[in-house]
Each structure stands twice: as structure tokens, then as C-alpha cells.
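Note sheet for the following structure.
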Amino acid sequence: MKYVMVIDLNQCVGCDTCTVACKLDNQTGSGIQWGRVIEEESGRFPEVKKLYIPILCMHCEESECLKVCPTKATYRDPRGLVLIDYDKCMGCQYCMLACPYMARHFNEARTPPPGVPGGAGGDSRKGVVEKCDFCEDRLSVGGLPRCVEVCSYDARIFGDRDDPGSRVAKLLTEEKPEVLKPEGAYHPSVYYIGVK
Amino acid sequence: MTIVAGKLNQFKSESGPESVVMARGTNRGSWIRVFNRFANLFGTPNWTESGGAQCFTPRSIAQSLTFGGLALEWPDLANSECILVWGANPPATWPPKSKKLMAARKRGAKLIVIDPVQSNIAAKADLWLPVRPGSDAALALGMLHVIIGERLYDREYVERYCVGLTELTARVREYSPGKVAEITWVEERLIVEAARLFATTRPACIEIACTLDEVIDPIQLSRAVALLACVTGNIDVAGGNIFPHAAGQVSIDTNDFILRDRMPVELQAKRLGADAYPLLSKNLPVNFPMAHWPAILEAILTGKPYPVRAIFLMGGNPALSIANSTRAQEALRKVEFLAVADLFMTKTAEMADVVLPASSWLEQNGLADSSQATYGPLRIRRKIASVGEAVSDIEIMARLAKKLKLPDFWDSEEDYLNYIVKPLNVTFEELQAGGESVPSPMIRGKHLQEGFRTPSRKIELYSRRLEEWGYDPLPFYREPHESPYSTPELAKQYPFVMTTGRRVVTYFHTGLRNVPALRDVKPVPVLDINASTARSLHIEDGDKVIVESPYGRISLVARLTEGIHPRVVGVPHGWPGESNDNLLMNNEVCSLGIGTTPLRGTLCNVRRAQR
């Protein structure tokens with residue numbers, strides 16, 4: 001089993017619904033977004049192209065973060081997810097330097113935003129590094145990552161790459177999606193259609 | 001409630017019902033005319049909304065005159081092959097439509113987007129036309145020039161269903177693509193290409209927004225854009241622009257519902273702004289005539305033509321949301337009594353004598369219909385939460401109506417919902433028990449068969465009624481009241497053309513900055529400025545900048561982009577304090593007949609703030 005996400009950039013309009021849903025679902029604190037959408041422009045006015053690119057933890061097979069973690073807080077789970085054991089993390093932030101996708105965030109437990117229950121990720125993540133876990137709690141009960149569930153545009157497709165009947169397996173064969181920073185050979189689990 | 005009712009009745013008996021203003025922001029749903037009825041029963045002619053002249057009223061008048069209904073609001077996206085988005089950004093302005101639009105695009109429909117800024121949807125366009133803010137009518141007329149001149153219009157459709165082609169042909173002759181390119185700053189080649197693509201890809205539809213309302217001649221602009229759909233045979237056909245209908249509900253746009261005839265004629269004549277802006281404030285042609293905000297401010301501040309002593313506001317934040325905030329706030333402070341119903345302690349609510357806690361849509365039972373782009377079915381909403389003492393706006397009005405002893409109002413939210421679904425012969429509770437929606441297909445082609453609701457029963461390219469009222473029966477373009485061409489001296493000091501009023505995803509008008517999860521995503525008010533222009537002004541991405549107009553100055557954060565013309569800047573709206581765009585706006589110059597403050601295409605300067 002190997003969970004992957006395919007993101008169709010032709011469909012992403014940068015509405016940030018995923019960003020907000022992720023924040024609410026994972027109770028992230030002020031300034032921390034496990035998932036976000038960046039804008040990438042190319043060309044000069046008026047011949048300009050703009051892409052909205054959702055960024056999250058890529059759950060790499062060659063995980064730089066995992067390699068540098070001194071306490072083995074970062075680990076790989078049998079479903080292909082890269083996860084953090086928050087009890088083991090000591091907040092050294094080496095992983096943040098190592099991550100080529102800037103997908104990790106140090107929870108300084110600054111002021112929890114008012115009205116957010118648990119604030120700043122709750123007590124369990126204060127003083128440690130946190131990141132997207134593909135909503136593994138949802139996966140465990142047969143659900144989907146929240147960002148996939150809320151996307152109105154069918155821009156995020158999620159599933160088991162090893163299941164030949166899955167939509168992601170078909171997309172990987174038919175659409176030949178790309179990964180970000182292929183030169184690093186990190187073998188990320190997040191693929192993009194329409195990078196150009 | 002007792003205090004509010006007591007005060008309103010006191011002013012009514014002391015100074016007449018016209019001394020009480022009843023105002024709101026914008027709202028949605030099956031009850032949007034309930035407040036009109038409430039105001040009419042109370043007897044004040046001075047009901048208004050912040051949006052009124054700025055949104056919907058101009059374009060609804062234009063559409064009524066042209067084809068007798070609101071077809072421009074309802075692009076049949078699911079069946080369209082070409083979608084022209086004019087000044088709208090559906091991912092931010094109307095997500096349910098956006099979803100349908102993107103699905104259409106995925107199956108191959110073409111997408112043309114008119115927007116000064118490369119918006120979310122413009123980024124997806126086959127053709128993006130970055131029009132100079134405020135010059136849209138010239139662009140539409142230029143496209144009509146190409147479509148009619150190259151005989152790309154639907155001759156059979158126009159012959160059978162339209163009147164006025166000869167006159168329109170003569171008018172659009174003045175708008176050659178070359179001339180229009182100079183006016184609009186859009187390349188000639190793009191104007192021609194967009195016109196050809198729209199006219200030759202059938203069926204095609206148009207999606208619009210309040211951009212069309214926020215220029216110096218809003219009715220003319222809406223008409224010019226509407227005529228693109230008319231001459232290409234795309235009105236009332238599948239995949240074109242179709243007419244909405246509210247199946248299963250009592251119609252809320254009738255006099256029986258609004259009860260505007262209950263008000264004596266002499267009181268109606270006292271409506272503030274009625275003399276200057278008859279299209280907004282007199283009974284014809286709109287069903288819900290309203291007072292003009294600048295005239296209300298004037299009355300509060302000067303007592304002329306008579307004093308306004310109280311405002312009862314239901315949702316809305318005029319302290320920030322209407323042009324010239326300095327004056328608006330001065331008036332809100334001065335008015336003797338201000339009662340506000342809102343979800344949050346807004347800037348306006350802070351100034352109020354009484355704040356009534358209103359509930360959100362999640363705390364209300366209700367309905368959503370095709371006017372909210374369900375495209376057919378009536379959707380039934382169920383209350384899922386209840387916070388504190390908050391109740392719905394209808395419930396607030398119902399309780400207040402009892403205290404004011406107003407006749408013919410509903411007893412409660414439940415009473416209203418039962419009334420509104422009467423055509424279905426069920427109670428609202430029974431309806432909820434039956435499921436989430438009542439199916440109802442969209443109707444297409446009805447008016448092609450039965451005639452349009454216009455004087456000629458046809459689509460009026462040439463509007464006799466506009467002519468009778470003393471306005472130009474054909475769309476035209478004139479320069480905004482201030483622009484690089486109409487006020488070249490002013491433009492030396494304020495060299496940028498500004499567009500504002502744009503929506504930002506995560507926010508809605510002045511609302512929602514107080515929601516942490518949303519604010520975290522869009523933390524600061526962002527000025528869109530061309531990257532090369534910015535660098536020539538020593539402005540880098542993320543720098544604090546000052547935007548100045550002849551009327552005020554605000555502080556924003558620069559976002560450098562290639563997705564905007566070097567001489568145009570995009571100013572965000574709805575931010576409070578020193579970033580409030582309405583500090584830049586003059587509310588004295590308003591459009592002819594309807595009183596719109598032009599928000600698109602005024603002048604400003606930009607400089608880096610001291611580091």
C-alpha cells in the first residue's frame with residue numbers, strides 16, 4: 001500500500017478552501033499552514049501565465065527530514081506516510097532545514113488564535129516541529145485528507161498507488177504527472193498535472 | 001427590543017416616519033425583501049442598502065429594459081461552449097457558479113475573461129483582456145462593432161426576437177477596435193479575437209458581477225454587455241443566459257409581498273435622493289425603491305431637507321462600506337439613535353446605542369433557490385447550531401413588529417417559512433422532513449415562445465423606455481469623471497488608474513477579518529501593482545505603501561505582479577482603519593439617474609512608506 005496525492009493544476013483556482021479547512025481540521029496556530037497555495041507567475045504583462053500550486057508535505061520516499069532527525073521522531077508508516085511522533089521531537093528543527101519543500105513548521109506556541117479550540121495545535125505540538133500528515137487519522141477510518149474532501153474543483157485526487165483500480169494509479173499512468181524539484185530525486189508522494 | 005421599538009416610535013411621532021432610516025448591507029435567501037415590507041409597514045420611505053446603487057439595481061434595470069428579466073445573472077454554464085466572464089471572479093465572488101464554470105472548462109468550453117487584474121479565473125482563461133478600469137463599455141461596444149461589422153451575429157435570432165439592430169449598428173460603428181484599443185488599453189488583436197470567439201462558439205454565455213454597476217454609466221455598461229449575448233442569439237437558450245425562477249415559493253418581488261403601496265404618495269416623495277436619482281429612489285422602474293446613502297449622510301449632518309434622527313441597521317457596516325468613510329462615520333456618530341443587528345461587533349456596531357445579536361445562516365432554517373445559483377432545485381436548509389441569544393433577522397423583525405404594533409407581519413421565523421412555501425402545500429417542517437431539496441428544472445425558451453416582458457415583447461437592443469425617461473436608448477461610452485483623458489492635469493499628480501471593490505477569497509466585503517483561520521491565510525491588505533512599475537518606485541514585494549487619491553490616503557502592502565497593466569493598481573476593499581479603501585473615494589460624483597459612486601477607474605498615486 002502506498003498513498004499518493006495527484007494535484008491537477010489546471011483545476012486549482014487558488015480559492016484557499018483547502019488551506020482554511022486544513023487549519024480548522026488540524027487546529028494549527030497562527031502563521032502555520034500545513035497546506036498552502038502559492039502563486040507562480042511567468043512572462044511579462046500582458047503575456048503572463050499564472051499557476052496556483054498547492055504545497056504540503058510531499059511524504060517523500062527519500063526523506064531528507066527523516067535522515068537528519070536525531071531522535072527518530074520522524075518516521076515512515078506502512079502506508080507510505082512520513083509522520084512525526086510529537087512526543088519524541090525535541091524541536092531542534094534540523095528537519096526544517098533539510099526539507100526541500102519548506103513543508104515543516106516549528107510551533108513556537110505563540111499566542112493561540114482566539115476562538116480556536118486548543119489554540120496553536122493544542123499542547124501536544126508546543127515547542128515541536130509539525131506538518132501535514134495526510135490526515136492519517138481520517139485515513140485510518142476510511143476517510144480522505146480534509147483538503148481532498150473539501151476541494152470543489154476536483155483538483156486533488158488521493159488514493160493507493162498500488163491498487164491498479166484506483167484513480168491515482170490511472171492518472172499516474174495516463175497523465176504522467178510530475179513532481180516538484182525532480183532534480184533532488186526525493187521521490188515525493190505528491191504529483192502535479194499541468195506544471196508545464 | 002423595547003428600547004429600540006420605543007425610540008423608533010418616538011422619532012416617528014415627533015418628526016415623522018421619514019426621520020427613521022432603515023438600512024442593511026447585502027443579504028441572500030428567500031427573505032431578502034422582508035425588510036422592505038417591514039420598512040413599508042413602519043412607514044418610512046428611507047429604506048436603503050449599502051449595495052443598492054453600487055450593486056444589482058443598475059444592472060437589473062438594464063436587464064429588465066432589455067429582455068424583461070435577469071438572464072445575465074444566470075449563465076447556463078453546464079451547457080455552454082464559450083463562457084465570457086466580465087469583471088467577475090467566480091472563485092471569490094460566487095463559488096457554486098465557479099465550480100460549474102471550471103467543470104465546463106474541463107470538458108472543453110472556451111473561457112474569455114475581462115478584468116484589469118489577472119484574477120483567479122483570468123489565470124485560467126483562453127483569452128484575458130486586461131481592460132483599463134472604468135472603460136468596459138467601450139470594450140463591449142468594440143466587440144459589438146466586430147460582431148455586427150463582420151456579420152457574425154445570429155441574423156435569424158435577431159430578426160425574430162430583437163428590435164433595434166439598425167440603430168445599434170449605427171451606434172457601434174463609432175467604436176472600431178483600433179479606437180477601442182486606445183481607450184481601453186487592450187490590444188486590438190485581442191478585442192477582435194475575443195469578439196470572434198464569443199460570436200462563433202455556440203452556445204455561449206456571460207457571467208457578470210457588480211463591476212458592471214460600479215462605473216459612471218452603469219446602466220449603459222450593463223446594456224452594452226447584455227447586447228453581446230442578445231445579438232449572438234444566446235438569451236433564453238440552453239448554454240446561453242437563461243431566466244431564473246423560484247419554484248415552490250411565494251414570489252417576493254411583488255407589491256403584495258413588499259407592500260410598497262401602503263405608503264402614502266406624499267411620504268414616498270420624501271425619499272432621500274428621489275429627486276436626483278429617480279431610477280434608484282422612485283417607484284418606477286425598481287420594485288424596491290431605496291434612499292440614496294450620500295443624501296442620508298447629508299440629512300443627518302445638515303438637517304436638510306429634513307432631519308434624520310435614527311438608523312435601524314440590519315447587517316451591514318456603512319462605517320466602512322460606503323464611499324467617503326470619514327463623512328459616513330461622522331454621520332453615524334451624530335445620528336441621535338443607532339440600532340444595529342449583526343453577528344459581530346463591527347466598526348458600525350461599536351458606534352451603536354443598541355446591538356441586537358443576529359444569527360448566522362448555520363443557526364437558521366431557510367431556503368436557497370435558483371436565485372442563489374442552485375440552477376433549479378429549491379434547497380432546504382436546516383439549523384444546526386445555536387449560539388447565545390442570537391436569532392435570525394426575520395425573528396428580530398417579527399419580535400420588533402409586535403412591539404411596534406405593525407400589522408401584517410409574520411409572528412416568527414417559522415411563521416414566515418410556512419408562508420413562503422405555501423405553493424407546495426406543506427409546512428416548512430414537513431418540507432424539511434421530506435429531504436434536502438425540491439427538484440425543479442430550469443426553464444429555457446419560454447420567452448422565445450411567449451415573448452419577453454418588455455414593451456415590444458421582444459429583446460430591445462434599442463430601448464424606447466430609456467428614451468422616454470430621457471436617457472440614451474443605446475449604450476455608449478464616455479470617459480470616467482476622472483481619468484488620464486478626462487482630467488489630464490489631475491492625472492499628473494495621481495498617475496495610476498485604480499480599481500477597487502474586488503473580492504478577495506476568504507473574505508466578504510468588510511466581514512470575516514476577525515476569523516483567525518481566515519485572517520491567517522490573508523493576513524494583510526494587498527495592493528496589486530505591476531512589478532516593473534513598482535521597482536521604478538523603489539517598491540519591493542511586501543513593502544508597505546501609501547495610496548493617495550485627491551480625497552484621502554491609505555496604507556497597504558505591495559504585491560508585485562506581472563498580471564496588471566503598468567499604469568493600473570488594484571486596491572483591496574473592506575479593510576478597516578488606515579487600509580480602508582473608502583477613504584479614497586469621493587461620494588459626491590454619482591452616476592446619472594441612479595446615483596452610483598464610481599469605484600472602478602478613479603485616479604491615485606502610490607509611493608513607498610517610510611521604512
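Chain B packed on chain A takes about 2500 Å² of accessible surface away from a 1.4 Å probe, both sides summed. In chain B, the calculated helix contribution to ellipticity at 222 nm averages -9000 deg cm²/dmol per residue, counting -39,500 (n - 2.57) for every DSSP H run with n ≥ 4.
Within segment B:157-299, all pairs of alpha-carbon atoms sorted by distance into 5 Å bins from zero give the percentages 2, 7, 11, 15, 16, 14, 12, 11, 8, 4, 1, 0.
Annotation: amide H-H contacts under 5 Å for B:G239 (H modelled 1.01 Å from N, sequence separation of 5 or more, or interchain): B:D76, B:N79.
Under 5 Å from the amide H of A:D8 lie the amide H atoms of A:R156, A:I157, A:I193, each residue being 5 or more positions distant or on a separate chain, with H modelled from the backbone and absent for Pro and chain starts. Computed on the protein assembly as shown, the Cα convex hull volume stands at 172 Å³ per residue. Rg/Rh for segment A:3-193: what does it come to with C-alpha atoms and Rh from Kirkwood? Reported Rg/Rh, Kirkwood definition of Rh: 0.96. Based on the convex hull around the alpha carbon atoms, segment B:221-350 presents an average projected area of 11.5 nm².
For GluC sites (Glu not before Pro), the sites in segment B:304-412 that DSSP calls loop and that have at most 15 other Cβ atoms within 10 Å are B:E389.
Surface composition of segment B:264-342: carbon and sulfur atoms hold 56% of the protein heavy-atom accessible area at a 1.4 Å probe.
Over chain B, what is the relative contact order in percent, taking alpha-carbon pairs closer than 8 angstrom and at least six residues apart? With pairs under 8 Å counted, the relative contact order is 19 percent. When +1 charges are put on Lys and Arg Cβ atoms and -1 charges on Asp and Glu Cβ atoms, the dipole computed for the protein assembly as shown relative to its Cα centre reaches about 260 debye. Whole-Hz Karplus values for segment A:36-53 come out as 8, 10, 9, 9, 10, 9, 9, x, 10, 3, x, 8, 10, 10, 10, 10, 9, 10 Hz, taken residue by residue from phi with 6.51 cos²θ - 1.76 cosθ + 1.60 and θ = phi - 60°; glycine and proline positions read x. The ellipsoid that matches the Cα gyration tensor of chain B has semi-axes, each √(5λ) in whole angstrom, of 36, 31, 24, with the longest given first. Ligands, DNA and RNA are left out, and with a 1.4 angstrom probe the accessible area of the protein assembly as shown is 39 Å² per residue.
For segment B:144-158, putting each phi into the Karplus relation 6.51 cos²θ - 1.76 cosθ + 1.60 with θ = phi - 60° gives couplings of 5, 4, 5, 5, 6, x, 8, 6, 8, 6, 8, 4, 5, 4, 4 Hz, in residue order, rounded to whole numbers and with x for Gly and Pro. Annotation: amide H-H contacts under 5 Å for B:I311 (H modelled 1.01 Å from N, sequence separation of 5 or more, or interchain): B:V21, B:F337, B:L338, B:A339. Using θ = phi - 60° in the Karplus curve 6.51 cos²θ - 1.76 cosθ + 1.60, the 3J(HN,Hα) couplings for segment B:394-409 round to 5, 5, 4, 5, 4, 5, 5, 4, 5, 5, 7, 6, 7, x, 6, 10 Hz; x is entered for Gly and Pro.
Considering only A:T19, A:V68, A:Y3, and ranking their Cα positions along the charge dipole of segment A:3-193 that arises from unit charges at the beta-carbon of Lys, Arg, Asp and Glu, the one farthest toward the positive end is A:V68. Considering only Cα atoms, the convex hull volume of segment B:87-171 works out to 135 Å³ per residue.
For segment B:523-565, GluC sites (Glu not before Pro) are listed when DSSP marks them as loop and at most 13 other Cβ atoms sit within 10 Å of their Cβ; the list is B:E540. Evaluated with a Cβ-only charge set (Lys, Arg +1; Asp, Glu -1), segment B:306-355 carries a dipole of roughly 160 debye about its Cα centre, given to the nearest 20.
With 20 Å as the limit on Cα-Cα distance, the pairs of B:K7/B:K334; A:K49/B:K124; B:K282/B:K334; B:K270/B:K304; A:K176/B:K106 that go past it are B:K282/B:K334.
Between segment B:208-247 and segment A:22-76, what is the separation of their alpha carbon centroids in Å? Distance between centres, Cα-based: 41 Å. Let me have the relative contact order for chain A, percent, based on Cα pairs under 8 Å that are six or more residues apart. Once normalised by length, the contact order is 32 percent.
Rounded to the nearest 10 degrees, the angle from helix A:17-26 to the longest Cα principal axis of chain A is 20 degrees. Each Lys and Arg adds +1 at its Cβ and each Asp and Glu adds -1 at its Cβ; summed about the Cα centre, segment A:3-193 shows a dipole of about 360 debye. In the protein assembly as shown, a dipole from Cβ-located charges (positive for Lys and Arg, negative for Asp and Glu) runs towards its positive end, and of B:A368, B:S119, B:Y477 it is B:Y477 whose Cα lies farthest in that direction.
Projecting the Cα atoms of B:G563, A:P177, A:A98 onto the charge dipole of the protein assembly as shown (Cβ charges, centred on the Cα centre) puts B:G563 farthest toward the positive pole. Let me know the shape class of segment B:159-240, please: from the alpha-carbon gyration tensor, a ≥ b ≥ c as square roots of the eigenvalues, rounded when a/c is under 1.5, otherwise prolate if a/b is greater than b/c, or oblate. Rounded is the answer for segment B:159-240, as its axis ratio a/c remains below 1.5. The accessible surface of segment A:3-193, taken with every protein chain in place and a 1.4 Å probe, is 52 percent carbon and sulfur.
For the protein assembly as shown, DSSP calls about 50 percent of its internal beta bridges antiparallel. For segment A:38-75, a drop of 20 Å² or more in accessible area on going from the chain alone to the assembled protein chains (1.4 Å probe) is found at A:E39, A:E41, A:R44, A:F45, A:P46, A:E47, A:V48, A:K50, A:Y52.
The values are calculated or read from the model by the stated rules, or taken from the named source; none is laboratory data. Every value quoted in this text rests on a predicted model; they were computed, and no experiment measured them. Please note: Cβ atoms are built from the backbone with ideal geometry, for glycine as well, and neighbour counts cover all protein chains shown. Surface accessibility is based on the protein's heavy atoms, side chains included, excluding ligands, DNA and RNA. Shrake-Rupley method; radii C 1.70, N 1.55, O 1.52, S 1.80 Å.
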